[in-house]
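Okay, so here's the structure we're looking at.
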Amino acid sequence: MNIFLNLSTHKAGRLKWAILLAAFILPGFCQAQTATDAAPIVDHIAICVHDLKKSTAFYTEVMHLQKVPNPFADTLHQWYSLGNHVKLHAIQGNCSYKHDITEHLCFAVGSVKEFAKRLDELHIPYGNWKGDSKEPTLRPDGVLQLYFQDPDGYWIEINSPAKGK
């Protein structure tokens, strides 16, 4: 306790004390400002599925998503990594709504054509936004895209970047 009293009684000591306080207080203040001013980031996207085993097979075998630990430790939930700390959370339940193509998950791949070959091998129908079977869409910006549905009817877009980008 004497050390702190001695620091505060001398001019140089007060300066050291102020620097010490600033070193502990300012980082927390700056971090709090960043946390409250920053836009929220996506943690996970939850979907309702009828058959969790069927969905798990689809997302691991077709989409090659990696399963991540299930915080519920039960048989009604499955979590998958979507990259960058974002997860897909599949919840088994009584899902009773129809899915529209305008509501879709989009995944980027190196080659839409190679991914389409895998869908063909697995007999999974796919097409473009208009619904033309096996026909990808070429956007005006050069991105190639195709659409298909998971076992519960959720629409999935697969796209690959424009050449040269």
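Brief remarks on what is shown
- Counted as qualifying within the stretch 32-87 are the strands (runs of 3 or more DSSP E) with 1 or more residues that are under 23 Å from Ile156 (Cα atoms) and without any contact (Cβ under 8 Å) to a residue 12 or more places away in the chain, namely 77-83.
- Pairs are defined by a Cβ separation below 7 Å, a sequence spacing of at least 6 or placement on different chains, a first member in the stretch 146-165 that is at pLDDT below 95, and a second member that is assigned to a loop (DSSP other than H, G, I, E, B); the pairs so defined are Pro161/Val143; Ala162/Asp141; Ala162/Gly142; Ala162/Val143; Lys163/Gly142.
- Residues that are among the basic types (Lys, Arg) and either at pLDDT below 95 or over 9 Å from the mean Cα position of the chain (by Cα) (or both) within the stretch 74-88 are absent altogether.
- Inspection of the stretch 95-105 finds a residue satisfying the criterion of being in a strand (DSSP E or B), in contact (Cβ under 8 Å) with a residue 40 or more places away in the chain, assigned by TED's automatic domain parsing to the domain that holds Pro161 and of a type outside the set (Asp, Glu).
- When the stretch 107-123 is limited to residues that are more than 24 Å from the chain's Cα centre (by Cα) and in a loop (DSSP other than H, G, I, E, B), the one that is surrounded by the most Cβ atoms within 10 Å (Cβ to Cβ) turns out to be Leu122.
The values are calculated or read from the model by the stated rules, or taken from the named source; none is laboratory data. The shown structure was predicted, so the numbers you read here are calculated from the model rather than taken from an experiment. Note: ideal-geometry Cβ built from the backbone for every residue, glycine included; neighbour counts use all protein chains shown.
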